[in-house]
Structure formats: C-alpha cells, structure tokens
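Note sheet for the following structure.
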Amino acid sequence: MSATAVAMNNVTVHYHTTSNHEVTALNNITLAIDYQKWVSIAGPSGSGKSSLLHVIGGLLTPQSGEIIVDQTPLHTTNQQMRATFRLTHIGFVFQSFYLMPHLRAWENVALPMLAAHIPLPERKKRAIEALARVGLQDRLYHRPAELSGGEQQRVALARAVALAPRIILADEPTGNLDADSATVVLDILTQFVAQGATVICATHDPLVIARGDAVIHLHRGVIVPE
Amino acid sequence: MQFQDTLRMSLDSTFRQKRRIVPVLTGISLSTTLILIIIIAGATISNIVTQQILGQGNLRQITVMSPNNTGLGPSSNIINDSRIASWQTLPHVAGAYPNLELDVTATTNTMGIMLFLSNQPDQNVRPELLQGTWPQDQQIIVPDTGILNKLDQNVSGSTLLGETITLRIPTSEGSQQYAVIPVTVSGVYKATQNILGQILTFTTLSFMKNLVKESLGSAPLMYQVATIMADQPQNVSEIASIIQKQGFSTNDIEDQLSGETRWLRGIIIIGIALALFIFILVSLSIGNLLASSVLQRRKEIGIMLAIGFTNRSIGQIVQGEAIVIGIVGAIGGILIALISLFAFTLMQPQISLDIPWWGFPCVIAISALLCALAGILPARKAMRLDVMQTLREE
C-alpha cells in the first residue's frame, strides 16, 4: 500500500456564491500527505483551508486536477460513491461541532454507524467505546445543550472516529474552545494519530500548528512558502 | 440504511415537529373519519333498505311487463290469457296471473291505503298472502279519490268496515275502458311509508279479473302487467331470462333492490369523493409542511450528508415522515370514527351498524399512499440539498 494518504495534482476548485459570484477556492494545488501524520493547513480566512478539507473529504468536486484519498480517486467518483467514501474513510470534525441537538451524546456518535447499516446494539456498544476514548463515558445520555463546548467537541471527535476511519479532517477544531478544552481536544487528536489515523487540520491556531508534523500554508487558494 | 433505522429516523423527526404536524394530522384524521362514517352509514342504510324490500317483497315473484303501452300492439308481445297459460307450463313456474293495475294516482299524501275485500282469495296464485297477518282477505289499492279523502280523515278505517265502495278499474294501463266494481270492505290497513318515503304499492288480485270480465262481458282481455311465481327463489332469474327472450321486460326482487339502492350508492360515492378531495387537499398541505421542514432542517441534513449519509437515505427519511403522518392520521381517524359510532349506537340501540372492517386497512393504505405521493417533492428537495452551501451558511 502506498504511504500517501492524500495525493492532489493540479486541483482547481471554483464555486458560486449565493449572489452568483465565482470564487476560485483552490488554484492548481498539488500536494501529498502521508499516512499517520498530522498535517495542519494554515492561512488567513478565505485562503481556501476549508475548501481543501472539503475536497479531501469528497464534499467538493474539483473542476480540474486529480485527487486520490486513501486509494480512492475522488475526481472520478459520483455523489453516491463519495458519500460512501466519506462514511468509510473519513471522519469530520467541525468548528461548530455540528451535533444533532435532539440526540443524546451516544446517539450523535452512533449516527454515522446508522448510515453504515450497523445494528442498534452494536451501534450503541461502539458509540460507548468511542465516547470512553474521549473521556466522556459519564456523559452518554446528555444532549449537546447539557454539555460544555469542549465536551461537545469531544463528542464530535468520538463521532468522527466511531467507524475507525483512516483520515480525520478537522476544520478549526479548537476555534470555539477555551485553552483548557482546546488542549484536551488536541491531546485526543494526537492520540488518534498515535493509533494510526492521519489528521488533517485546517487552522490558524498556533497551538494546533505546533502539534502537527507538517504545515501547508495557503493564500488565496494557492500553496505558499511559510 | 436499514428499514427499521429509516423508520426510526422518520418517526423521530416527525414527532420532533409536534406543533407543526398537529393541524395536518387533525385534517387527515377528520377526513378519514368522514370517509369511514360515510361508508358505514351507507352500508347500514343499504342494509336496512335491502331488508325492508326483502321483507315486503316476494323472493319468488317476477313482474312481467308488456312493451306495448296501449295493450293493443302486435300479438307477439301482448299479455293475454293464452300467454299467461303458456307461462304456467314453464319449468319451475308455480303460477302466473294477470295484474289489473288500479288508478292509484289519487293518493293525497305519501300514505297508501290497503283494503281487505270480502271476496274469496285465489289461493293458487298468492298462497303467501294467506300466511302472516292477513289470513283470509285479499288486498287492493283504493282507487277512488273520494274514498281516499274519507280514509284520510280516519286512517284507522274502522268507519269503512262493512261499507260498499266502488272500484274503477282500467282494463289495461292507459286504457279508457274501466270496469266499475262494487266491493264490500272487510278490513282497512294503513300502509306505512318505507325508509325512502315511498308509498308501498300493491297489485290487485286475480279475482278482480273475473270482476272486470263480468263488467266487460265477453270482450277479450289484454293485460299490461302479469305476475309469475317461481317455485323457488333461485329459479327466478332463469324464468325471467325465458320471459325476456319472448320480448317482455321483467322485474324481480333483485331489480327492485338494485333500483332502490342505486341512489344510495350515488350519494355514498359523492360523499366519498368529497372526503377524498378534502384528503387530497390535506395531503398537499403535508407536502408544504415537509418542504418547509426540509428548509428548516438544512443544517441537520447537511451534517448528515457530511458524515456519510447518502442523498437517497435522506430522501427516504423525508418520504418516511410523510408516510408516518399518513398512517398516524388515518389511525386517529379510525379511532374517532369508532368512538363516534359507539356513541351513536348508545343513543340509537335499535339501529344495528353494518361496519365494513375491510375499510380500516384500506383507509390506512390510501392515506399512506396519498401522503407518500405528497412527500415525493419534499424528499427530492432534501436529496438535492447542497451540503457545501448548508455548511457555508454556518
């Protein structure tokens, strides 16, 4: 198996805003990210960090170029295949946690497993294990509103790793957290990398960048030297 | 996603929107109740009417009508004594006799008056009349307006007992020739209305023919209507078929039932169509409800898509919500209908409701189907949601 978790070759992404302006989010990006590494993507707001994560996660399709993630050529797959790819290969962590407010912590963690046709008892068992990994075994039945920001992000981390993906994409994972909570979250991510995951993290938080093995700097959709 | 998981998600998201779905559920329930009550009321009334007709009529009787209104038409399809004699020899025929129709148009209200006359009954022709409540006498409709007026003033008819009345009897329908026959009243019976408000009608008996004959002397008689009695009710249709092939039209208990219940079926169909129309309107509102719900839950759907749900499974969840609403609404409607009918039977214990139980699963299936159809567009809308756009909105 190749050691490259993500390989991008001349990837360009445009999208249209709601006011129908075309934005070039990524411009001829070429990069390679190895397995079991923590790579941070840094850059100012609007530089294309989130777009890069979304392309790697199969949420955005490049208009040109090639992208292979965990042996899957995403530039040739359809929407359905990309959804299945996300489910089985990628764990997403968002700045705003994106938990379902009406679901309990374990149910939020079990949500991707539901899409993966895993039976309920197995879902619950695995969700409880994932929550234990992030230290929330005593918060299984709490709803997001009953948890702190740090705890919510840990639930989101547990959800991201519930199906044991090889790549975790984290978009500003500490953006909404205080320093203590951010440290806990970064410790968990470090632990995931140690257990074999590849973490790609869009951030401008120096604390996050310091944890990583490498940094990719983006500016207006182009990779720039540090 | 597995079926039970889709169902669970649909149930969960449906009942999270309690406030929004209550009016729609109420609409579905009430229209379901309406449909069921119309069906049950229709079946019950139809049953009552059928029982009443069967109670009045004779299951073995076939009324034969000549297509010739004047009674003077071609000899091939006139009803006369020799024709009646030939019918008496048909297989399964117990008897045949002519009907001497009396002028009953003079009735002043919806009640008919039936008299028992003192002549001897023709036991071979109407043996069934000799059983039951009128053991000896024959019955006819009073044709004379003056007598009817007199009867109207005293419907018990007791004052008529023993009186001699005059009958004017046309020799056939539309004929200007009448037989004028004095008869003595030996009993009076006030005919009741049937459930449709129609007057019960009666035919004269064969002995009247003799009276007419006496009045007309030796003139040959042609009849507009005759009655044939089958030996068994199940042979009625076979005999009627033979008579029809001879060029006569026939009417038996089945025809009467069909005629009596036709209007009822029409009303039931109109009622059900109206209720279905309401149902369809409510279903459309489900489409609206779900479409706005999809808009409101854009972020939720976006998250689900981001973590690996396929567009198809999102569509199935929304479609499932529509079906859940349809089924729950229909079950609510059935409960309301059953409670209403139970209350009705407490108030009107003499009426036995005819509940078609097959209707319940049918309305649930129809409701689920209509709501599923209404859910197609919102489901497609959810499937087409752009996950990136919803995440960017954040």
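The values are calculated or read from the model by the stated rules, or taken from the named source; none is laboratory data. In this text, all values refer to a predicted model and were calculated from it rather than measured experimentally. FYI the Cβ positions are ideal-geometry reconstructions off the backbone, even for glycines, and counts take in every protein chain you see. Please note that ligands, DNA and RNA were not included when accessible areas were found on the heavy atoms of the full protein model with its side chains. Shrake-Rupley method; radii C 1.70, N 1.55, O 1.52, S 1.80 Å.
General remarks:
- With all protein chains modelled, accessible area of residue B:15 [1.4 Å, Å²]: 80
- Efficiency of FRET between residue B:92 and residue B:244 - r from beta-carbon atoms, R0 22 angstrom, step 0.05: 0.90
- Panel note: contact residues of the range B:353-394 (accessible area lowered by at least 30 Å² against the chain on its own; 1.4 Å probe) correspond to B:388, B:391, B:392, B:394.
- Using alpha-carbon coordinates, inclination of helix A:120-133 to the longest axis of chain A, degrees: 80
- Association of chains B and A removes close to 2300 square angstrom of accessible area from solvent, both sides included, for a probe radius of 1.4 Å.
- Delta accessible area of at least 40 Å² on complex formation, residues of the range B:294-326, 1.4 Å probe, chain isolated as reference: B:303, B:306, B:307, B:308, B:309, B:310, B:311
- With Cα atoms, 0 to 90° folded angle of helix A:149-161 axis to chain A main axis: 80
- Going from the isolated chain to the complete set of protein chains, the range A:57-83 loses at least 10 Å² of heavy-atom accessible area (1.4 Å probe) at A:59, A:60, A:79, A:80, A:83.
- Here is how the number arises for chain A: DSSP H runs of 4 or more residues each give -39500 (n - 2.57), the sum is divided by the residue count, and the result at 222 nm is -10500 deg cm²/dmol.
- Efficiency of FRET between residue B:8 and residue B:254 - r from beta-carbon atoms, R0 51 angstrom, step 0.05: 0.45
- Once backbone amide H atoms are built at 1.01 Å from N, residue A:36 has A:198 as its partners under 5 Å, excluding neighbours fewer than 5 places away on the same chain.
- Rounded, prolate or oblate (a/c below 1.5 giving rounded, otherwise prolate when a/b exceeds b/c) for the range A:32-86 by Cα gyration tensor: oblate
- Taking 0.36 nm per residue of separation and subtracting the current Cα-Cα distance, fully stretching the chain between residue B:357 and residue B:292 would add 19.8 nm.
- Here chain A carries DSSP beta bridges of which approximately 55% are antiparallel, counting only pairs with both residues inside.
- Cα gyration tensor shape for chain A, rounded if a/c is under 1.5, else prolate or oblate: prolate
- Å² of accessible area per residue within the range A:88-130, as computed with a 1.4 Å probe and no ligands counted: 36
- With the convex hull drawn around the C-alpha atoms of the range A:151-226, the volume per residue stands at 98 Å³.
- Which listed pairs, of A:124/B:299; A:125/B:18; A:124/B:18, have C-alpha distances above 29 Å, in listed order: A:125/B:18
- Normalising the average separation of contacting C-alpha pairs (under 8 angstrom, six or more residues apart) by the number of residues puts the relative contact order of the range A:41-115 at 19 percent.
- FRET efficiency for residue A:176 and residue A:71, using Cβ-Cβ distance with R0 set to 35 Å, rounded to 0.05: 0.55
- Angle in degrees between helix A:105-115 and the longest Cα principal axis of chain A, rounded to the nearest 10: 60
- Neighbour cut-off at most 12 other Cβ (10 Å), DSSP loop, chymotrypsin sites (Phe, Trp or Tyr not before Pro), the range B:318-389: B:357, B:358
- Charged neighbours of residue B:26, selected by a Cβ distance under 13 Å, balance to +3 (K, R count +1; D, E count -1).
- If only the Cβ of Lys and Arg carry +1 and only the Cβ of Asp and Glu carry -1, the dipole of the range A:71-170 around its Cα centre is close to 160 debye.
- Compared with the direct C-alpha span, the chain from residue B:265 to residue B:338 gains 24.1 nm at full extension, assuming 0.36 nm per residue.
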